[in-house]
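The values are calculated or read from the model by the stated rules, or taken from the named source; none is laboratory data. As the structure is a prediction and not an experimental result, all values here were calculated from the model. Cβ placement follows ideal geometry from the backbone for every residue including glycine, while neighbour counts extend to all protein chains displayed.
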Amino acid sequence: MQLQQMQEDIARLRGQVEVQQNDIQRMKQEALDRYQDLDRRIGTGTPVQQPAAPADPSNPAVGGAPGADVAPAAPADQSAAGTEPADPAKEKLYYDAAFDLIKAKDFDKASQAFSAFLRKYPNSQYAGNAQYWLGEVNLAKGDLQGAGQAFAKVSQLYPKHPKVPDSLYKLADVERRLGHTDRVKPILQQVISQYPGTAAAQLAQRDLQKL
């Protein structure tokens, strides 16, 4: 009986180890997928001076992948207290420097650079893009909480910015990864209803069908 009990305990422990190994492998794969997704969109994206987002060759069904950069929109209506006067040329230099850190895959410094840019130039014409890319960088780092907060702020602070549908779609993905399944469906439905015809809406429709 003792031998049988020991064998059952060993079998149970082996099962627990297998589950843990599968969880670790899944987490590694998700981290790799996030990195490859960001790397692909950096390769197809361009700095903000481009007038439109380029198509994503990895997903020809849609006009452009979420995350491809777009022309800057009008700045948010925020108080400029404590910030420098508007200087588009200087702001662009700061923004491009932060974006170059993403291309260099230095995500820690890129996160710091975009955060500093947003503190310094909250009303910049590049602020909406900076807020979105802060979310992408945090997602690449595996900082789901930071990514979710950054993506949510795009629609909160820059509601008319072209990056809003992409940021909402990415927010839904973050909520799913965090296990907040009750929040995912409403966000995807919001993207579909408020931003029809966008790449984000098409992807949201696809994901909604899988829920």
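The listed residues are R183, R119, and the only one of them that is under 29 Å from Q205 (Cβ atoms), modelled with pLDDT of 90 or more and surrounded by fewer than 19 Cβ atoms within 10 Å (Cβ to Cβ) turns out to be R183. Within region 105-116, residues that are over 18 Å from K153 (Cα atoms) reach no partner that is modelled with pLDDT of 95 or more and exposed (fewer than 14 other Cβ atoms within 10 Å of the Cβ) with beta carbons closer than 8 Å at six or more positions or on different chains.
Of the residues making up region 122-142, just one is crowded, with 24+ Cβ neighbours inside 10 Å and over 23 Å from Y169 (Cα atoms), namely S124. Note on region 151-171: residues that are free of Cβ contacts under 8 Å to residues at least 12 places away in the same chain and touching a Phe, Trp or Tyr at 6+ places or on another chain (Cβ under 8 Å) total 0.
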